[in-house]
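Structure first, commentary second.
Quick note: the coordinates plus some simple rules give every number you see, no bench work behind them. Computed from a predicted model, the values in this text were never measured in an experiment. Cβ sites come from the backbone with ideal geometry, for glycine too, and all protein chains shown count toward neighbours.
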Amino acid sequence: MTDRNLDAAEVVTITVDGRVISLPSGATVAAALLNAGVPCRVSESGEPRTAFCGMGICFECRAVIDGVPHRRTCQVVCREGMMVETQR
Amino acid sequence: MKRAFDIVVVGAGPAGLAGASAAARAGMRVAVIDENPHMGGQIWRAGVGTCHPNYAKVRAIASFKSSGAELYPGYQVVDSIDEGDLVTWIDVKRSLETFGFKRLIIATGARERFLPFPGWTLPGVFGAGGLQALVRTGYNITGKRVVIAGTGPLLLAVAAHLKQAGAQIVSINEQAPMSRLIKFGFALMGHPRKIFQGIGYCTQLAGSPYRTGTWAVEAEGNEKLTGIQLSDGRRTWTEPCDLMACGFHLVPNTELSALLGCRIIDGVVQVDENQQTSIESIYCAGEPTGIAGVDAALLQGEIAGLAASGMAQKAIRLHGRRSSEAEFGRAMSQAFALRPELFSLAKPDTITCRCEDVRFGQLNALAASQADWTYAKLQTRCGMGSCQGRVCGPALEAIFGWRNNSVRSPLFPIPVATMCSESPREKEISIPIP
């Protein structure tokens with residue numbers, strides 16, 4: 001038995017910092033940001049940061065999703081048409 | 001809105017699923033709350049595409065699905081107002097919901113321990129389990145060169161998975177010396193299934209060097225990782241790579257247990273033979289009671305589920321296997337104990353609190369003047385950012401012996417507007433109007 005959660009043939013398309021990105025459906029926004037090569041947020045002292053713990057603990061993957069800041073992108077599944085921006 | 005259940009289980013990993021299945025089969029009305037969008041916990045995290053079949057997982061999930069227990073994914077416990085209730089935040093709905101329970105089973109699992117080293121905040125450096133989770137949920141690492149460094153059996157499992165996902169594993173670097181791993185190998189004799197699993201990983205990783213007594217001293221690069229500097233204590237060298245996966249074994253997630261007042265000693269929730277905590281209505285199973293892995297979690301979860309349903313007698317047959325798994329956990333902790341060299345890798349300008357960008361030099365100066373965690377927080381804001389010290393806390397406990405004893409609600413940050421308008425604490429929050 002395989003562990004196929006969602007049909008891998010299905011894709012979802014979202015916008016990351018103005019770029020259109022396609023991912024297998026079920027993918028998280030953190031994965032979209034990594035695939036786009038875009039940081040999730042800029043730190044207090046101005047460093048670019050990307051997802052780190054991958055499990056909702058470290059908050060490094062916070063970004064702006066559909067205008068709402070501080071969303072932990074590793075815990076959010078991509079939905080068609082989502083607008084994601086680096087949190088500055 | 002409040003939902004009422006006989007038993008609420010927090011955590012849909014192995015312990016939580018086993019506990020919920022046992023309780024629901026015993027006739028209880030059971031809810032399982034988990035902050036993640038999918039069940040399985042970190043170890044069995046579901047996601048995109050296919051994984052190798054894992055029979056323990058398939059069996060546990062099938063048993064859970066047919067048990068009648070209800071699953072609430074994406075619900076994160078943030079507070080408890082009255083005895084017998086939990087307040088949860090649902091991020092996708094941007095709102096709070098309360099769950100009432102007669103008995104609670106805490107199965108909150110563990111997180112990775114991280115230690116600061118120069119360059120560990122560079123994009124491209126990930127937690128080992130973290131990188132695995134991100135790949136499972138859509139991060140494409142085909143052709144990427146990955147250096148893996150840290151400690152614990154997780155490193156091998158992660159390496160095997162990343163390779164299967166198309167990455168090129170440059171090297172796997174285990175800080176523990178070979179002598180301790182050989183001792184651990186003997187301790188595994190009573191657990192043949194774990195040996196076969198280990199051999200399986202090694203076969204898959206043929207061609208990638210696995211080194212012992214070796215650790216990462218620095219992640220190199222400017223705005224992006226370009227290589228990892230490694231050391232075996234005699235010499236240092238750099239291996240070029242695109243990504244790094246690091247992790248220093250696991251830390252139990254005990255914040256909810258602490259908030260509810262359960263007795264915790266040395267970072268581990270104290271339970272009796274029925275997995276009951278110091279609070280009669282609260283049980284705890286899996287990693288929060290001591291890191292021992294998935295088999296221990298499944299057994300403890302089932303025992304907790306039966307005991308919480310008034311059927312502790314039925315669980316007695318599982319006690320022997322539980323003890324043997326606990327022994328395995330202790331052997332594992334000894335084998336993968338951290339070497340002191342790891343505590344002095346950070347330089348004065350190395351960021352240690354990633355949320356507030358507090359640098360190691362500031363903290364080291366405070367430690368030299370006998371400061372504790374609370375004082376360091378007040379002076380530097382270390383541990384006061386969004387993660388509430390979940391990353392830097394265990395690191396600084398390992399390095400300076402500082403212990404974070406203050407857990408308070410909300411357990412995870414929620415919007416102030418929600419706190420003011422929806423929280424059952426609404427009446428407590430009074431903002432004086434001048």
For this session: Would you please give the residues with an amide H less than 5 Å from that of B:Cys353, counting only those at least 5 places away or on a separate chain, with H modeled from the backbone geometry?
Result: B:Val358
Seminar exercise, completed: So, relative contact order of region B:114-248 in percent, Cα under 8 Å, 6 or more apart, is 37
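Using DSSP to call loops (not H, G, I, E or B), can you name the GluC sites (Glu not before Pro) in region B:177-251 whose Cβ has at most 14 other Cβ atoms within 10 angstrom?
Values: sites: B:Glu218, B:Glu220, B:Glu223; in loops: B:Glu223.
Hits after loop and neighbour filter: B:Glu223.
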Problem set entry | Percentage relative contact order, region B:265-420, counting C-alpha pairs under 8 Å, at least six apart | 12
Problem set entry | Shape box of the protein assembly as shown [Cα atoms, principal axes, largest first, Å] | 68, 60, 58
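In chain B, what percentage of the DSSP-assigned beta bridges are antiparallel, given to the nearest 5?
On the way: 29 of 66 bridges.
Approximately 45 percent, going by the DSSP bridge assignments.
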Exercise. Using a ≥ b ≥ c from the Cα gyration tensor of region B:346-400 (square roots of the eigenvalues), is it rounded, prolate or oblate, where a/c under 1.5 gives rounded and otherwise the larger of a/b and b/c decides, a/b for prolate?
Worked result: rounded
Exercise. Within 10 Å of each Cβ of A:43-50, how many other protein chain Cβ atoms are there on average?
Worked result: 6
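List the equivalent ellipsoid semi-axes of region B:294-434 in whole Å, largest first, each obtained as the square root of 5λ for an eigenvalue λ of the Cα gyration tensor. Intermediate results must be reported in sequence, preceding the final value.
Details: eigenvalues 262, 174, 24 Å².
Semi-axes, largest first: 36, 30, 11 Å.
Relative contact order for chain A: what is it in percent, counting Cα pairs under 8 Å that are at least 6 residues apart? Don't skip to the end; give the middle numbers.
Values: 180 pairs, mean separation 28.0, N = 88.
Across chain A, relative contact order equals 32 percent.
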For this session: Could you count how many Lys pairs in the protein assembly as shown have their Cα atoms under 14 Å apart, skipping same-chain pairs fewer than 8 positions apart?
Result: 4
Exercise. Just the projected area, averaged over all directions, of the convex hull on the alpha carbon atoms of region B:114-248: how many nm²?
Worked result: 8.1
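Based on other C-beta atoms within 10 Å, arrange B:Asp91, B:Asp266, B:Asp85 from fewest to most. Walk me through the numbers on the way to the answer.
Values: B:Asp91 20, B:Asp266 7, B:Asp85 17.
Ranked by crowding around the Cβ, least crowded first: B:Asp266, B:Asp85, B:Asp91.
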Exercise. Distance in nm between label sites at B:Ile81 and B:Ala365, each 7 Å beyond Cα in the beta-carbon direction?
Worked result: 4.5
For this session: Would you grab the residues whose amide H sits under 5 Å from the one on B:Gln168? Only those 5+ places off in sequence or on another chain, please, with H modelled 1.01 Å from N.
Result: B:Gly143, B:Lys144, B:Arg145, B:Val146
Seminar exercise, completed: So for R0 = 41 Å, FRET eff. of B:Lys2-A:Thr15 from the Cβ-Cβ r, to 0.05, ends up at 0.60
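Between B:Met189 and B:Arg317, what's the calculated FRET efficiency when r is the beta-carbon distance and R0 is 22 Å? Round to 0.05. Spell out each step's value before the answer.
On the way: r = 23 Å, r/R0 = 1.06.
So the FRET efficiency works out to roughly 0.40.
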For this session: Over every pair of different alpha-carbon atoms in region A:11-85, take the mean of 1/r and invert it; report that Kirkwood radius in Å.
Result: 11.9
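Using the reciprocal of the averaged 1/r over all distinct C-alpha pairs, how large is the Kirkwood radius of chain B in Å? Kindly include the intermediate steps, with their values, before the conclusion.
On the way: mean 1/r = 0.0441 Å⁻¹.
After inverting the mean inverse Cα-Cα distance, the result is 22.7 Å.
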